[in-house]
Amino acid sequence: MTDWLEIDFWEMIIRTTVAFIILLILARIMGKKQISQLTFFHYVTGITIGSIAAEISVNAETHFFNGSIALIWWAVLTVIVNLLTIKSIKARKLLDDKPTILILKGKISEQGMKKARFTLNDLNMMLREQGVFSIMDVNYAILETNGELSILKKASQEPATRQDVKAPGTEPKYIPTEIISDGNLIKENLTELKLTEEWVYSQLKKKGIGTIEQVYYAEIQGDGTLHVDEKTGK
């Protein structure tokens, strides 16, 4: 009986140690996105990988080699999906969804609230967490893909800027919005901003850029100007 317990104990120690090493290596390979940008997909992936590691560590009935292969393959699939979301805007939207506007120009978006399955209590709670106690103080509120709420206050509510010096508050013409990502034009954002592709080309031409493919990232600013980061070619 004692010999059996000793064998079972040492088997558990070995299985746990190997599983720990595999998990450590896989965590390094998958990168920091698992922690810093925890979308629902990454949340589920993290739980599943952890569950597989726990299963092969303590359950002697689980074949250790098969369990290890399952753990590694799940991590490989996660890496493949991450690469797809980096390379393809469509894949990114399909897997990670896209940010949802909950407050647009100071008005609550009922469509956005329904899409996010948010109640007014949910919205108010998340605003209070950022020190905002009135929806009237908010110009834009966007629910990010990781569940965080990003807000842009009304110009008159910005801390110690216009109100304190009695200067008039000028609301931004646009919400800062991504319109080019890795050489690809995001047409739906242009439509929402009521801008045309011709306008984008003219703005790029003023900056000495001939094609959209040369642009890594471009964002429309609140005052209507275009911020552009060109590709380095590396």
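The values are calculated or read from the model by the stated rules, or taken from the named source; none is laboratory data. These numbers were taken from a predicted model, which means no experiment stands behind them. Here the Cβ positions follow ideal geometry from the backbone for every residue, glycine too, while neighbour counts run over all protein chains shown. Just so you know, the surface numbers come from the protein's heavy atoms only, side chains and all, with ligands and any DNA or RNA stripped out. Shrake-Rupley method; radii C 1.70, N 1.55, O 1.52, S 1.80 Å.
Kindly list the number of the only condition in (1) modelled with pLDDT under 85; (2) open to solvent by less than 70 Å² (accessible area, probe 1.4 Å) that fails for Asp223.
Status for Asp223: all satisfied but (2).
Hey, which of the helices (runs of 4 or more DSSP H) in segment 63-117, taking only ones fully inside, have at least 2 residues that are at positive phi and loosely packed, with under 13 Cβ neighbours inside 10 Å? Before the answer, list the steps.
On the way: elements: 64-87, 89-96, 110-116.
Filter on segment 63-117 gives an empty set.
Which one is farthest from Val18 (Cα to Cα), of the residues in segment 43-54 that are surrounded by 13 or more Cβ atoms within 10 Å (Cβ to Cβ) and touching a Leu at 6+ places or on another chain (Cβ under 9 Å)?
Pass one, segment 43-54, residues surrounded by 13 or more Cβ atoms within 10 Å (Cβ to Cβ): 43, 45-46, 48-49, 52-54.
Going one step further and asking which of them are touching a Leu at 6+ places or on another chain (Cβ under 9 Å), we end up with 45-46, 49, 52-53.
Numbers: Thr45: 20, Gly46: 18, Ile49: 14, Ile52: 13, Ala53: 10 Å.
Ranking the candidates gives Thr45 first.
Check whether at least one residue in segment 23-42 is open to solvent by 50 Å² or more (accessible area, probe 1.4 Å), assigned to a loop (DSSP other than H, G, I, E, B), at pLDDT 80 or above and among the basic types (Lys, Arg), and report yes or no.
Scanning segment 23-42, I find no residue that is open to solvent by 50 Å² or more (accessible area, probe 1.4 Å), assigned to a loop (DSSP other than H, G, I, E, B), at pLDDT 80 or above and among the basic types (Lys, Arg), so the answer is no.
This table checks each residue for (1) hydroxyl-bearing (Ser, Thr, Tyr); (2) modelled with pLDDT under 75; (3) farther than 17 Å from Met12 by Cβ.
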| position | (1), (2), (3) |
| --- | --- |
| Gly46 | no, no, yes |
| Ile49 | no, no, yes |
| Ile52 | no, no, no |
| Ser57 | yes, no, no |
| Ile72 | no, no, yes |
| Leu77 | no, no, yes |
| Asn82 | no, no, yes |
| Lys87 | no, no, yes |
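Restricting to segment 132-158, what's the tally of residues that are open to solvent by less than 50 Å² (accessible area, probe 1.4 Å), of a type outside the set (Ser, Thr, Tyr) and over 21 Å from the mean Cα position of the chain (by Cα)?
So the answer is 6.
Considering only segment 201-211, I want to know if a residue exists there that is in a helix (DSSP H, G or I), within 14 Å of Asn184 (Cβ to Cβ), at pLDDT 90 or above and open to solvent by 40 Å² or more (accessible area, probe 1.4 Å).
Scanning segment 201-211 turns up no residue that is in a helix (DSSP H, G or I), within 14 Å of Asn184 (Cβ to Cβ), at pLDDT 90 or above and open to solvent by 40 Å² or more (accessible area, probe 1.4 Å).
Return the only residue of Gly169, Gly131 being part of a loop (DSSP other than H, G, I, E, B), of a type in the set (Gly, Ala, Ser) and at pLDDT 85 or above. First the steps, then the outcome.
Details: Gly169 fails: at pLDDT 85 or above.
Of Gly169, Gly131, the one residue that is part of a loop (DSSP other than H, G, I, E, B), of a type in the set (Gly, Ala, Ser) and at pLDDT 85 or above is Gly131.
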